[in-house]
1. Does Gly114 fit the bill of being among the small types (Gly, Ala, Ser), farther than 30 Å from Gly46 by Cα, in contact with a Phe, Trp or Tyr (Cβ under 6 Å, 6 or more places away or on another chain) and assigned to a strand (DSSP E or B)?
2. If I filter segment 54-61 for residues that are among the hydroxyl-bearing types (Ser, Thr, Tyr), under 21 Å from Val187 (Cβ atoms) and out of contact with any helix residue (DSSP H, G or I) (no Cβ under 6 Å at 6 or more places or on another chain), do I get at least one hit?
3. Within segment 176-190, take every residue that is farther than 13 Å from Lys141 by Cα and not in a loop (DSSP other than H, G, I, E, B) and give me the one that is farthest from the chain's Cα centre (by Cα).
4. Here is a list of conditions, (1) of a type outside the set (S, T, N, Q); (2) surrounded by 18 or more Cβ atoms within 10 Å (Cβ to Cβ); (3) modelled with pLDDT of 95 or more, and Leu144 meets all of them except one; can you say which number that is?
5. Say we look at segment 152-191 and pick out the residues that are closer than 20 Å to Thr116 by Cα and surrounded by 15 or more Cβ atoms within 10 Å (Cβ to Cβ); which of these is modelled with the lowest pLDDT?
6. Could you tell me whether Pro140 is outside any strand (DSSP E or B) and either β-branched (Val, Ile, Thr) or within 18 Å of the chain's Cα centre (by Cα) (or both)?
Amino acid sequence: MRRLSLLVSLLVVCVAVPAQAQSTTKKTTTSASPAAAPAAASATAGSTMDNNISIWGIVGYRYSAGTGWGLGARYQKVVVPEGFLHLTNGVKDELGVEGGIDYTSYSWDFYGYGWTYNEFDILVGVTWNFWINPKLCLYPKLDLGFGFGSWSSSFTGENPSGYGGVFFQGAAGVVYKLNRVSLRAEVGSSSLRAGVSFAF
């Protein structure tokens, strides 16, 4: 009888220990899975253009008479960090407002007739950022700007009209984050821009 009781007790222990171990493993897996899934799904959650300053070189082609060269700067503030689309494929969208200034110098020389036009543009725009992965962002953008400038000419009194004033410009751009510094480029309806962006 004592041997039977000992055998039954041993059998219970042999069954109970693996069952307990399996139960513990399932609980650990179950509790870890919800944490692991959001971690994988939110790889782009920390990617943003919020509080970024961009500095770039400019190739301007707004005016048909020639190509302009210049420099520009932008500051971007993200106003809708959660975006609108709430995509489930890992792509994150956000809406930013960006303002800044561009300086572009245009020069023309036609058969001895020479002009130089230097323009400053004050711009504000909306950019819709799409983070494809934690480092790569693609975006469309629409700017409203006002340009003003000064002419110099080889002929006194020759100041052509139709330059400066209020204008709209659309653009498509790309950002590639290295760390706190990113590479950035845009192609737009009036200029090509390429440079760097700093987060702070």
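1. no
2. Among the residues of segment 54-61, at least one is among the hydroxyl-bearing types (Ser, Thr, Tyr), under 21 Å from Val187 (Cβ atoms) and out of contact with any helix residue (DSSP H, G or I) (no Cβ under 6 Å at 6 or more places or on another chain), which makes the answer yes.
3. Ranking the candidates gives Val181 first.
4. Condition (2) is where Leu144 drops out.
5. Within segment 152-191, the match that is modelled with the lowest pLDDT is Ser153.
6. Against the criterion (outside any strand (DSSP E or B) and either β-branched (Val, Ile, Thr) or within 18 Å of the chain's Cα centre (by Cα) (or both)), Pro140 does not qualify.
The values are calculated or read from the model by the stated rules, or taken from the named source; none is laboratory data. This structure is a prediction, so every number in the text was calculated from the model and none was measured. Cβ sites come from the backbone with ideal geometry, for glycine too, and all protein chains shown count toward neighbours.
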